[in-house]
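Input: a single structure, listed below in structure tokens.
The values are calculated or read from the model by the stated rules, or taken from the named source; none is laboratory data. All of these numbers come straight from a predicted model, not from anything done at the bench. Here the Cβ is made from the backbone with ideal geometry for all residues, glycine too, and neighbour counts use every protein chain on show. Only protein heavy atoms, including side chains, enter the accessible area calculation; ligands, DNA and RNA are left aside. Shrake-Rupley method; radii C 1.70, N 1.55, O 1.52, S 1.80 Å.
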Amino acid sequence: MNYGWLWWLGAALLLGVVEMLTVDLLFLMLAGGAVAGAIAAGLGAPFWVSALVAAAVSILLIFAVRPWALAHLKKTTPEADTNISALTGRTATVLADVTQQSGRIKLVGEVWTARVDQPGVVLGVGSVVSVVRIEGATAVVTAQAVPQNPSQPYGTPGPGY
């Protein structure tokens, strides 16, 4: 009995695992080709025929299905702010007086160096501030008139959260 179809199925499973790590849909299309090769081998086709079927189905899936699937995936996946852009707009608590040169704030549970955007302004300890932008490892902040919410001790989430 010919068990060549098991090799094709193993290849499809391996390509499926790689796809889960990359989420590019390329390896998923190749896995689909490997499944087609497994079907051909399971029906008794010689290796070269099942390889040809796998290659043809893979190419068809890559050029016919993948562009549509990528567009659908990007349309249904929400954009999430990360890194610096996720911190802009958040509120923080002043830990050490913030001036135009120096200061410390607690932002999203972490201590950051900070400075005020406006000259001559000093924000005292306990003040609630809003992050205007991040410059290197320093948060540029401005005073916020909203009292701190006790249920959000590390600041309120910024846009997109």
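Just checking, how many residues over region 47-81 are surrounded by fewer than 14 Cβ atoms within 10 Å (Cβ to Cβ) and either polar (S, T, N, Q) or touching a Cys at 6+ places or on another chain (Cβ under 9 Å) (or both)?
2
Does Ala41 meet the test of being open to solvent by 60 Å² or more (accessible area, probe 1.4 Å) and more than 18 Å from Val132 (Cβ to Cβ)?
When the stated conditions are applied, Ala41 does not pass them.
Having 2 or more residues that are of a type in the set (Lys, Arg) and free of Cβ contacts under 8 Å to residues at least 60 places away in the same chain is the bar; report the helices (runs of 4 or more DSSP H) wholly within region 18-98 that clear it.
Ranges flagged: 66-76.
So that you can scan it fast, the table gives a plain yes or no per residue for (1) under 17 Å from Ser85 (Cα atoms); (2) assigned to a strand (DSSP E or B):
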site	(1), (2)
Gln101	no, no
Ile105	no, yes
Gln118	no, no
Val125	no, no
Val131	yes, yes
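On the given criteria, is Ser58 among the hydroxyl-bearing types (Ser, Thr, Tyr) and farther than 30 Å from Asn2 by Cα?
no
Quick one: is Ala36 modelled with pLDDT of 95 or more, under 21 Å from Tyr3 (Cα atoms) and surrounded by fewer than 17 Cβ atoms within 10 Å (Cβ to Cβ)?
no
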